[in-house]
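The values are calculated or read from the model by the stated rules, or taken from the named source; none is laboratory data. The structure displayed is predicted, hence computed values, not measured ones. Don't worry about glycine lacking a Cβ; one is built from the backbone with ideal geometry, like all the others, and counts go over all protein chains shown. Ligands, DNA and RNA are stripped out before the accessible areas are found, and what is left, the full protein with its side chains, is counted by its heavy atoms. Shrake-Rupley method; radii C 1.70, N 1.55, O 1.52, S 1.80 Å.
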Amino acid sequence: MNHQNATAPDLRARLGGSALDVAPSLLGAHLTHSTDDGDVTVRITEVEAYLGPDDPGSHAFRGRTARNATMFGPAGHLYVYFTYGMHYCANIVCGDEGWATGLLLRAGEVVDGAGLARDRRSHPATDLDLARGPARLAQALGLDRRKDGADVLADPFRLVLPDLPATAVLRGPRVGVSGVAGTEEYPWRFWLPDEPTVSRYRPGKPRAARKVDP
DNA sequence: TGGTTGATGAACT
DNA sequence: GTTCATCAACCAG
C-alpha cells in the first residue's frame, strides 16, 4: 500500500506543488524521526496549508527573515519555529525554491515508538494525545529549532507517502490564525475523517455572537 | 530600544 | 471559559 522504496527525487516531486495540492498526499503519510534514543513514527492526520508571501496568515507574509528562511528553500525540508515562548511547531516545505509554501503538521497518531514519545512529553497523556496538536506532535517526534532546515527525505528522517492521495479529505478554516486569513474564506486546514487525533478547536456548532454591553 | 503579539497547550476556576 | 508560561520577530519611535 505504501511506496516503501520511493526515491527521494520522486518524493520531492510529489511535494513540489502548492501546499493546497500536496495536502491530500501528506494525510495518512508516515513520518519517522530516528535518534539515539530510538525511533518515533507518526501517521499524519491533520495539516494546515500556508501559501507564502501572499497569505496573510503565513509567517512568510512579510518576506524572508532569519526565522522563516527555510520556508523559502526547496521542498521536503522541515521548517521548525518556536512560538509562545515554549512551543515548537513543524512544517514540511512544499513548492519550488523561493515560493515559501508549506504544510503545518497539526496532528498525527503515534504508530511506533509510543514509549519514547511519552517520555518526551512531560505531562502524561493517553496515546491518542501524544501528537494531537502541532506543538505536541513536534515534541513527540523530538523536533526543535535545531531540526529547522532538515531534509525529511534523508537520514535521520523517513517519509512514506500513501500510494494515492487521501480521498475523503475534510477541510475548513485554519486554527489560531488571526484576521480574515483564519476564516471560511481560507479553508486551508485539511484532515482525515473519523480520526480521534484530529484537534477539535471548533466543537459542534459555531459560537453565537456574544452580546456586547454598550 | 522598548512594547506587543503570536500557526499553543496545560492548569486552573 | 480563563489564565499563564515566556521568547523571537516585528513595528513604532
Condition set open to solvent by 60 Å² or more (accessible area, probe 1.4 Å) and within 16 Å of DNA strand C (Cβ to nearest atom), scope segment A:77-131, selection nearest to the chain's Cα centre (by Cα): answer is A:Y88
Residues of segment A:83-103 being part of a strand (DSSP E or B), in contact with a strand residue (DSSP E or B) (Cβ under 6 Å, 6 or more places away or on another chain) and either at pLDDT below 95 or more than 13 Å from A:L143 (Cα to Cα) (or both), in sequence order, are A:V93, A:C94, A:T101, A:G102, A:L103
Within segment A:37-54, restricting to residues that are surrounded by fewer than 20 Cβ atoms within 10 Å (Cβ to Cβ) and within 16 Å of DNA strand C (Cβ to nearest atom), the one that is farthest from A:G115 (Cα to Cα) is A:D54
Expected single match for touching a Pro at 6+ places or on another chain (Cβ under 7 Å), open to solvent by 10 Å² or more (accessible area, probe 1.4 Å) and in a loop (DSSP other than H, G, I, E, B) among A:G28, A:G16 is A:G28
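What number of residues within segment A:40-59 are under 16 Å from A:A138 (Cβ atoms) and not aromatic (F, W, Y)? Let's see the steps before the verdict.
From segment A:40-59, those under 16 Å from A:A138 (Cβ atoms) are A:40-48, A:50, A:59; that's our starting set.
Narrowing the set further to residues that are not aromatic (F, W, Y) leaves A:40-48, A:59.
Adding up the residues that qualify gives 10.
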Over segment A:46-59, the set of residues of a type outside the set (V, I, T) and in contact (Cβ under 8 Å) with a residue 12 or more places away in the chain is A:E46, A:E48, A:A49, A:Y50, A:L51, A:G52, A:P53, A:D55, A:P56, A:G57, A:S58, A:H59
Next on the checklist: I'd like to know if segment A:177-199 contains one or more residues that are touching a Ser or Thr at 6+ places or on another chain (Cβ under 9 Å), within 14 Å of DNA strand B (Cβ to nearest atom) and over 15 Å from A:L27 (Cα atoms).
Outcome noted: yes
Of those in segment A:59-72 that are assigned to a helix (DSSP H, G or I) and open to solvent by 10 Å² or more (accessible area, probe 1.4 Å), the residue nearest to DNA strand C (Cβ to nearest atom) is A:R62
Exception for A:R62 within (1) out of contact with any Gly (no Cβ under 6 Å at 6 or more places or on another chain); (2) over 18 Å from A:A138 (Cβ atoms); (3) touching a residue at least 40 places away in the same chain (Cβ under 8 Å) falls at (3)
Review point. Any chance segment A:142-149 includes a residue that's more than 10 Å from DNA strand B (Cβ to nearest atom), open to solvent by 70 Å² or more (accessible area, probe 1.4 Å) and not hydroxyl-bearing (S, T, Y)?
Key: yes
Selection over segment A:141-175 where residues are under 15 Å from A:L104 (Cβ atoms) and in contact with a helix residue (DSSP H, G or I) (Cβ under 7 Å, 6 or more places away or on another chain) yields a count of 3
Matching residues in segment A:123-147 (farther than 16 Å from A:T32 by Cβ, part of a loop (DSSP other than H, G, I, E, B) and touching a residue at least 60 places away in the same chain (Cβ under 8 Å)) number 2
Tell me yes or no: at least one residue of segment A:73-82 is more than 23 Å from A:A181 (Cβ to Cβ) and in a strand (DSSP E or B). yes
